[in-house]
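S.K.: Pasting in a structure now, in structure tokens, and then I'll have a few things to ask.
The values are calculated or read from the model by the stated rules, or taken from the named source; none is laboratory data. Please read all numbers here as calculations on a predicted model, not as lab measurements. So basically every Cβ, Gly included, is an ideal-geometry build from the backbone, and we count neighbours across all protein chains shown.
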Amino acid sequence: MSTKIQIACRVNGEPVEMLVDGYKTLLEVLREDFNLTGTKHGCELGECGACAVLIDGQPMLSCLVLADECHAREITTVEGVAGDGRLHPLQECFADLGASQCGYCTPGILVTAKALLDREPNPSRERIAEALSGNLCRCTGYLQIIEAVEAAAKLMRGEESPLVEPGR
């Protein structure tokens, strides 16, 4: 018999309260109890970054965080990145520049990149690579991902960002 715990926090800007099993990770609660399946099950060992979410604005691996640790905290999943009925510039640039192939890693990369751009509006290419170093992608080779983050940073700063076809 598992012990139930009461969780009260904000998920994607909305206050939520739920009684969940005390042994569950944040990843399990998001996917199974809140039905937010954008956050992906990856390695479940904290090595791939597929399950990254923002907790109080900081990227965290939800497979390593117990749901109980999230009481009274702000959690942002990939579903909460877009706002006002519009895609976030990161989402636009990832789509326009082909930064996502199979897409499995994309939610974790998007929230991690969002945290970076929220802190550093003009990161260098090296800084972007460093910030995303905990997010593994088996498809793209990372160049398109880094270019998409650079383009999104320009858009967010109000600069023109030439969105070009990949490989040009």
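S.K.: Considering the range 31-61 alone, what residues qualify as being touching a Leu at 6+ places or on another chain (Cβ under 6 Å) and of a type in the set (S, T, N, Q)?
M.R.: T39
S.K.: Can I ask one more? Just to be sure, is V65 surrounded by fewer than 23 Cβ atoms within 10 Å (Cβ to Cβ), more than 24 Å from R157 (Cα to Cα) and over 11 Å from the mean Cα position of the chain (by Cα)?
M.R.: Taking the combined requirement at face value, the residue satisfies it.
S.K.: Can you spot a residue in the range 80-102 that is over 30 Å from A8 (Cβ atoms), exposed (fewer than 12 other Cβ atoms within 10 Å of the Cβ) and not aliphatic (A, V, I, L, M)? Walk me through it before giving the result.
M.R.: Applying the first criterion (over 30 Å from A8 (Cβ atoms)) to the range 80-102 yields 89, 92-102.
Then drop every residue that is not exposed (fewer than 12 other Cβ atoms within 10 Å of the Cβ), which leaves 102.
Subsequent filtering for residues that are not aliphatic (A, V, I, L, M) retains 102.
Taking every residue of the range 80-102 in turn, at least one turns out to be over 30 Å from A8 (Cβ atoms), exposed (fewer than 12 other Cβ atoms within 10 Å of the Cβ) and not aliphatic (A, V, I, L, M).
S.K.: Quick one: count up the residues across the range 37-54 that are without any contact (Cβ under 8 Å) to a residue 60 or more places away in the chain and surrounded by fewer than 19 Cβ atoms within 10 Å (Cβ to Cβ).
M.R.: Of the residues in that region, 6 qualify.
S.K.: If only one of K40, K114 is within 24 Å of C137 (Cβ to Cβ) and in contact with a His (Cβ under 8 Å, 6 or more places away or on another chain), which one is it?
M.R.: K114
S.K.: Among (1) under 20 Å from L136 (Cα atoms); (2) within 13 Å of the chain's Cα centre (by Cα); (3) outside the structural domain of N135 (by TED's automatic domain parsing), there is one condition T106 misses while meeting the rest; what is its number?
M.R.: (3)
S.K.: In the range 102-140, which residues are part of a loop (DSSP other than H, G, I, E, B) and touching a Lys or Arg at 6+ places or on another chain (Cβ under 8 Å)?
M.R.: Once the filter is applied, which keeps residues that are part of a loop (DSSP other than H, G, I, E, B) and touching a Lys or Arg at 6+ places or on another chain (Cβ under 8 Å), the range 102-140 yields C102, Y104, C105, E120, P121, N122.
S.K.: I've got another one for you. One residue is enough: does the range 141-151 have a residue meeting the conditions outside any helix (DSSP H, G or I) and either modelled with pLDDT under 95 or surrounded by 20 or more Cβ atoms within 10 Å (Cβ to Cβ) (or both)?
M.R.: Looking for residues that are outside any helix (DSSP H, G or I) and either modelled with pLDDT under 95 or surrounded by 20 or more Cβ atoms within 10 Å (Cβ to Cβ) (or both), one finds at least one in the range 141-151, hence yes.
S.K.: Which residues, counting only those in the range 130-140, are at pLDDT 95 or above and among the polar types (S, T, N, Q)?
M.R.: S133, N135 - these are the residues of the range 130-140 that are at pLDDT 95 or above and among the polar types (S, T, N, Q).
S.K.: A further question follows. Can you list the strands (runs of 3 or more DSSP E) found entirely within the range 21-87 that contain at least 2 residues being in the same structural domain as R119 (by TED's automatic domain parsing) and in contact with a Ser or Thr (Cβ under 6 Å, 6 or more places away or on another chain)? Walk me through how you get there before you give the answer.
M.R.: Values: elements: 52-55, 58-61, 74-76.
Filter on the range 21-87 gives an empty set.
S.K.: May I ask you to verify whether E130 is out of contact with any Phe, Trp or Tyr (no Cβ under 6 Å at 6 or more places or on another chain), assigned by TED's automatic domain parsing to the domain that holds E44 and of a type in the set (D, E)?
M.R.: no
S.K.: Which residues, taken from the range 152-168, are at pLDDT 90 or above and either within 18 Å of the chain's Cα centre (by Cα) or among the polar types (S, T, N, Q) (or both)?
M.R.: Answer for the range 152-168, where residues must be at pLDDT 90 or above and either within 18 Å of the chain's Cα centre (by Cα) or among the polar types (S, T, N, Q) (or both): A152, A153, M156.
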